[in-house]
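My questions will all concern the structure given below.
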Amino acid sequence: MEIRNLTRRYGDLTVVDDVSLTVMPGQVTCLLGPSGCGKSTTLRMIAGVEMQDAGAIYTDGQLICDTVFRIPPERRHIGLMFQDFALFPHLTVAQNVAFGLSTGKAEQRARVEELLARVDMLRHIDDYPHGLSGGEQQRVALARALAPRPRVMLMDEPFSGLDNRLRDEIRDQTLAVLKAEDAAVLLVTHEPEEAMRMADEIALMRGGKIVQQGAPYNIYNAPRDRDAVAFFSDIN
Ligand code: ADP
Ligand code: MG
């Protein structure tokens with residue numbers, strides 16, 4: 001996926017300012033920055049639930065949207081995982097994962113089982129969400145998002161609702177599943193530690209702009225300025 005010169009203003013405030021970014025299949029690109037810097041707004045424009053004021057988005061070289069042309073969200077082949085993007089409580093785990101699938105019954109079942117096995121939730125296939133722990137619900141949400149084989153996965157602070165004890169384990173497992181599915185992943189976080197753990201590429205964002213971009217250890221070892229140093233300093 002390629003984002004070119006994406007810009008979004010609210011009144012006089014430019015919250016996303018000329019952001020360009022490429023996300024490759026099989027890679028996790030992390031949009032990292034403090035709260036309020038424009039990360040979620042960027043994801044919403046890519047998802048198609050918000051319009052940009054300037055710029056364009058392409059997947060596989062095909063235009064998804066610019067300021068005049070716009071493919072609707074449901075036809076963008078994009079998977080979403082947000083912190084508060086809950087499972088459907090009245091559907092079983094299997095029905096939740098199958099929700100976005102339009103293929104035949106047998107094929108659908110095979111895909112659901114494949115993904116639930118990957119996230120280690122096959123034994124809960126006929127359970128309802130309310131009986132599952134937070135971490136288990138998270139794993140089902142991941143399976144559901146990946147079921148239709150999205151070309152791009154957008155994840156907005158997906159682990160922030162989990163308690164610390166679980167978080168690292170779920171991060172590692174999520175990463176393994178994303179790699180196995182070969183998705184192009186754009187992960188938004190305000191936690192440097194999460195970016196260091198999961199990203200192939202980090203784009204450091206501040207005040208609506210990408211201020212530095214590169215491999216995690218390059219950014220960690222050579223932060224561009226004092227603000228970047230300060231931002232990374234709480235990692236041990
Ligand atoms: P992040 O996800 O990095 O925390 P957001 O993209 O949510 O940041 O927000 C970026 C900025 O845009 C913030 O200053 C926020 O207050 C502002 N903002 C977000 N949505 C709106 C809106 N609908 N109207 C006005 N300002 C908004
Ligand atoms: Mg946000």
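Which one is farthest from ligand 1 (Cβ to nearest atom) among residues in the stretch 14-33 that are of a type in the set (Ser, Thr, Tyr) and within 14 Å of MET1 (Cα to Cα)?
Result: THR22.
Which one of these is touching a Cys at 6+ places or on another chain (Cβ under 7 Å) and surrounded by 16 or more Cβ atoms within 10 Å (Cβ to Cβ): MET155, MET205, MET196?
Step by step, each of MET155, MET205, MET196 is checked, and only MET205 is touching a Cys at 6+ places or on another chain (Cβ under 7 Å) and surrounded by 16 or more Cβ atoms within 10 Å (Cβ to Cβ).
Give the residue that is modelled with the lowest pLDDT, with candidates limited to residues of the stretch 45-86 that are polar (S, T, N, Q) and under 20 Å from VAL185 (Cβ atoms). Show your work before the answer.
Step one: filter the stretch 45-86 for residues polar (S, T, N, Q), giving 52, 59, 62, 67, 83.
Narrowing the set further to residues that are under 20 Å from VAL185 (Cβ atoms) leaves 59, 62, 83.
Details: THR59: 93, GLN62: 94, GLN83: 75.
Here the answer is GLN83.
Let me ask another. Kindly evaluate PHE82 against the criterion of being within 19 Å of the chain's Cα centre (by Cα), under 29 Å from THR22 (Cα atoms) and of a type in the set (Phe, Trp, Tyr).
It is true that PHE82 is within 19 Å of the chain's Cα centre (by Cα), under 29 Å from THR22 (Cα atoms) and of a type in the set (Phe, Trp, Tyr).
For residues that are in contact with an Asp or Glu (Cβ under 7 Å, 6 or more places away or on another chain) and under 25 Å from ARG75 (Cβ atoms), tally how many sit in the stretch 95-147.
Going through the stretch 95-147 one residue at a time, the tally reaches 1.
Next question. If you scan the stretch 34-68, which residues turn out to be within 8 Å of ligand 1 (Cβ to nearest atom) and at positive phi?
Passing the criteria: GLY36, GLY38.
Right, something else. Suppose the filter is in contact (Cβ under 8 Å) with a residue 12 or more places away in the chain and either more than 16 Å from ligand 2 (Cβ to nearest atom) or among the charged types (D, E, K, R) (or both); does GLY55 pass it?
Yes.
The values are calculated or read from the model by the stated rules, or taken from the named source; none is laboratory data. Just so it is clear, the structure is predicted and the values come from calculations on it, not from any experiment. Using ideal geometry, Cβ is built from the backbone for each residue, glycine included, and neighbour counts are taken over all protein chains shown.
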